[in-house]
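Step one of this worksheet: look at the structure below.
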Amino acid sequence: MRLFYAVFPPRTVQRALAEAQRMLRGNWKPVREDQIHLTLGFLGDVPDTELARVRAAGREAARASGPFTAQVRGTGFFPNEGRPRVWFARAEGDGFEPLALALREALPEFLEGERAFKAHLTLARRKGPAPRVAPVVFDLEFPVEAFALVESRLTPKGPQYTVLDTFSLKERDERGKQRTAKGLAKHPQAD
Ligand code: 2AM
């Protein structure tokens, strides 16, 4: 199965980003609004027998991280502006890079050798001759409280995404608190 880890921004942010797609002319294929996401790691084809490990790696990376705020301000092109193939919105946020790194370290056979991590949300892919898109300035912010393990099935109508698992970035704090509470109960302080 073709898998990737991704952060899906809230619907309001997806909507604001999709608004900008109206500027596209020519052979740009916009990403479907509800599929707009930020890839933390693209695993490619993963044998079913490895799925449990991939889920566990997601859980571990989430546990070692905490929630953070993401900002989206501007747009850019991959691989470069001269011959763009992808038009994206640039994302910033303290937690993206550590998460991408933790996943890469946990699953080097799938994620190492991947292109360098650049936090972005793809807005459109160029399928043929098409003019460049003028820069767009966004003023968007959203809380990143979870990420997903997603299966992508390629169909003639475009990719179909299925979320296989969601990993909460908030659990670390809660677990920490529970542990502390239990620890205190077991070892009450003597008066
Ligand atoms: P992109 O948006 O920059 O194209 C699912 O295909 C997600 O995985 C996409 O967001 C895509 O990033 C990312 N991805 C990374 N490497 C990929 C690859 N070699 N083939 C397809 N998608 C890749």
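Readers should treat all values here as calculations from the given coordinates under stated rules, not as data from a laboratory. Treat the numbers as computed from the prediction; the structure is a model and nothing was measured. Backbone-built Cβ (ideal geometry, glycine too); neighbour counts: all protein chains shown.
Here are the numbers for this structure:
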quantity	calculated
Choice from Leu111, Leu164, Leu101 showing the highest fluctuation, given a GNM over the chain with Cα pairs closer than 10 Å	Leu164
Counted charge near Glu33, where neighbours are those whose Cβ lies closer than 10 Å (Asp, Glu -1; Lys, Arg +1)	+1
Cubic angstrom per residue, convex hull over Cα atoms of region 2-186	130
Selected from Leu99, Leu123, Leu24 as most flexible by GNM, with the chain as the system and alpha-carbon contacts under 10 Å	Leu24
Mean separation of Cα contacts under 8 Å (6+ apart) over length of region 2-186, as relative contact order %	32
MRE, 222 nm, helices only [DSSP H, n ≥ 4, -39500 (n - 2.57), over the chain, to nearest 500]	-8500 deg cm²/dmol
For region 79-122: rounded, prolate or oblate by the Cα gyration tensor [a/c cutoff 1.5]	oblate
